[in-house]
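A short write-up of the structure that comes next.
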Amino acid sequence: MKNLRAVPRTRHGRYVFLVLILLCAPALNAAEYPTKTVQIINPFPPGAVTDIVARILAPKMSAALGQPVVVVNKPGGGGAVGIQVAKEAAPDGYTILVTPPPILLIPLVNKNSRFTTKDFTPLALATSSPNTTVVRKESPWKTLEEFIAEAKKTPGQLTYGSAGPGTTPHFIGELVKMKTGIDLTHVPLGSESAAATALLGGHVNISFLTLGTTRSHIEAGTLRALAVASNRRLKDFPNVPTTVEKGFPELNLKIWVGFFAPAKTPAPIVKRLAAVISESLKDSEVAASIAKSQALIENFGPQEAAKFLAEEERKWSEVARVANIAH
């Protein structure tokens, strides 16, 4: 009888042991992390602000993690293609995402979007860049007031170019329409650089793009900045008025860049990646390179970033509703 009773106890013990191994496996994997290359998915082309920030941070992250960190460009769909790729990646810390606001804007525009912010865990809100309101040098508008006056006289006839549906320039354009009472026609393009090219070629009348995209054109005199989104004038462009000066504090908008991991990434790995990104952003060489790219370091950790993103989603959801741009 003793032997008969020992069998179930032995089987039970083995079962418990196996369950404990399965439960502990994620923690053991997290403790060993990383053991191979970490890739950062950038959903925009080379040269985009996300690409620049990710490539500045990658070497420092690699040194801290002890493994290569590479940036992989997956452009398309105004960011949707790369964001979807990151969503579908294994939640093991070896694929993370760098993205600007389209991660939350695209689902507001496209109700059939296959991702939302709930599919990701924020690691950091890394940087932000001032937005500029620009026209080509040959345009007749020397001030923002002149452009607004013309748009009011010809509703719907003037156009603005964006990086695509659900991108930040798209939403900013719609917010500009709401706050100034003008009607502009949206022309979606594939990226900020494509929007700048279309503006330079006279294919659109105005664009709302990051300073990183427009700076060289403003300096060359091929684009004219009517306003910059800032509380105070930029030291490098003292003659460009701010949106606050122009009476539109609601248009004081910055384009942020955040890092995300797929949802269900183990908490210890999220903590490790967040700490590595945060420390990398504190590096003096990184800070100098980011400043040179016309971006500002924000360095929000996961909790602060999550709170910021919730407020961003509330604000832009209202713009999408009022502008009726969802489809």
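The values are calculated or read from the model by the stated rules, or taken from the named source; none is laboratory data. Since this is a predicted model, take the numbers as computed values, not measurements. No Cβ is skipped: glycine too gets one built from the backbone with ideal geometry, and neighbour counts run over all protein chains shown.
Can you find a residue that is charged (D, E, K, R) and over 18 Å from PRO43 (Cα atoms) anywhere in the range 189-207? The answer is no; no qualifying residue exists.
Each residue in the range 280-300 was checked for being crowded, with 18+ Cβ neighbours inside 10 Å, within 15 Å of GLY212 (Cβ to Cβ) and β-branched (Val, Ile, Thr), and 1 pass. Out of curiosity, is THR99 at pLDDT 95 or above, buried (at least 18 other Cβ atoms within 10 Å of the Cβ) and closer than 20 Å to ALA194 by Cβ? Considered against the rule, which asks whether it is at pLDDT 95 or above, buried (at least 18 other Cβ atoms within 10 Å of the Cβ) and closer than 20 Å to ALA194 by Cβ, THR99 comes out as yes.
Against the conditions (1) within 30 Å of LEU200 (Cβ to Cβ); (2) surrounded by 17 or more Cβ atoms within 10 Å (Cβ to Cβ); (3) hydroxyl-bearing (Ser, Thr, Tyr), THR121 satisfies every one except (1).
Residues checked against (1) at positive phi; (2) at pLDDT below 95; (3) touching an Asp or Glu at 6+ places or on another chain (Cβ under 9 Å):
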{"position": "LEU20", "(1), (2), (3)": "no, yes, no"}
{"position": "CYS24", "(1), (2), (3)": "no, yes, no"}
{"position": "GLU32", "(1), (2), (3)": "no, yes, no"}
{"position": "PRO45", "(1), (2), (3)": "no, yes, yes"}
{"position": "ALA64", "(1), (2), (3)": "no, no, yes"}
{"position": "PRO68", "(1), (2), (3)": "no, no, no"}
{"position": "VAL72", "(1), (2), (3)": "no, no, no"}
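Within the range 270-279, is there a residue that is over 14 Å from ALA124 (Cα atoms), surrounded by 16 or more Cβ atoms within 10 Å (Cβ to Cβ) and touching a helix residue (DSSP H, G or I) at 6+ places or on another chain (Cβ under 8 Å)? No. Of all residue pairs spaced 6 or more apart or on separate chains, those with beta-carbon atoms under 9 Å, a first member in the range 54-71 that is within 19 Å of ALA295 (Cβ to Cβ) and a second member that is among the aromatic types (Phe, Trp, Tyr) are ALA54/PHE259; LEU57/PHE259. Contact annotation: residue pairs with Cβ atoms under 6 Å, 6 or more positions apart or on different chains, pairing a residue in the range 87-107 that is closer than 23 Å to ILE52 by Cβ with a partner that is of a type in the set (Gly, Ala, Ser) and not in a helix (DSSP H, G or I), are THR95/ALA89; ILE96/ALA261; PRO102/GLY166; LEU105/GLY166; ILE106/SER113; ILE106/GLY166.
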